[in-house]
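Everything below concerns the one structure shown next.
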Amino acid sequence: MSADLSDHPLRTTASGAPGLTAARTTSPVRAGDGWTRRHNGGMPPRRRTEPSDGRAALSTWRAAPDDVPVPARRTAVRFTLEELAEVAPGNAVEVRVPPDGAVQAVEGPRHTRGTPPNVVETDPQTWLLLATGGLTWDDAVAAGRVRASGERADLRHWLPLQAARPRP
């Protein structure tokens, strides 16, 4: 049952008198759709992975990198991608780790349509090795484990990630 809002002060008719009018609707806000940055002072979207959950997933991955459960691997990848977006904010580079996640990072020109000019793509295992310091950027690129295109698609300055280091 819906409540009667006809006398609510925010509900008025075209003449300004209280009355029932068509409700103003807004679409749900999704992180990364631009609305968040325009309406919250330009701050990046809030983190979706709880840091403690991300660190726990990284510990699980470290214990058995080749045998990690998919949900733990996915959480570890998303956590590290979100961390990259925090330490290298921007929209110039799209970092893709299929099928687990993607993020836009690194300051520079923003792309709005089609394939972005700066793309980094790798598999989850390679990404987690890069994020944790188990593999260097140069070695991964030389071995063909990372596909990086565009002048800004070099992440060596941000890897490994501080948040991905082991903790006692």
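Every number in this text was worked out from the coordinates using simple rules, so none of it is lab data. Note that the structure is predicted; figures quoted are calculated from it, not measured. Cβ sites come from the backbone with ideal geometry, for glycine too, and all protein chains shown count toward neighbours.
Observations on the structure shown:
- Scanning the stretch 122-156 for residues that are within 21 Å of LEU58 (Cβ to Cβ) and not hydrophobic (A, V, I, L, M, F, W, C) returns THR122, ASP123, PRO124, GLN125, THR126, THR132, GLY133, GLY134, THR136, ASP139, ARG145, ARG156.
- Selection from the stretch 127-140 of residues that are part of a helix (DSSP H, G or I) and crowded, with 18+ Cβ neighbours inside 10 Å: TRP127, LEU128, LEU129, LEU130, ALA131, THR132, TRP137, ALA140
- Given (1) touching a helix residue (DSSP H, G or I) at 6+ places or on another chain (Cβ under 8 Å); (2) surrounded by fewer than 20 Cβ atoms within 10 Å (Cβ to Cβ); (3) assigned to a loop (DSSP other than H, G, I, E, B); (4) touching a residue at least 24 places away in the same chain (Cβ under 8 Å), number of the condition GLU151 does not satisfy: (1)
- Scanning the stretch 86-114 for residues that are outside any loop (DSSP other than H, G, I, E, B) and not small (Gly, Ala, Ser) turns up GLU86, VAL87, VAL93, GLU94, VAL95, ARG96, VAL97, VAL103, GLN104.
- Restricting the stretch 159-168 to residues that are assigned to a loop (DSSP other than H, G, I, E, B) and buried (at least 19 other Cβ atoms within 10 Å of the Cβ), the residue that is farthest from the chain's Cα centre (by Cα) is LEU159.
- Within the stretch 45-84, the residues that satisfy the criterion of being exposed (fewer than 12 other Cβ atoms within 10 Å of the Cβ), over 20 Å from the mean Cα position of the chain (by Cα) and within 19 Å of ASP123 (Cβ to Cβ) are ALA64, ASP66, ASP67.
- Selection within the stretch 131-162 - in contact with a Pro (Cβ under 7 Å, 6 or more places away or on another chain) and either at negative phi or among the polar types (S, T, N, Q) (or both): ALA131, THR132
- If the condition is being buried (at least 20 other Cβ atoms within 10 Å of the Cβ) and at positive phi, then the stretch 102-123 contributes only VAL106.
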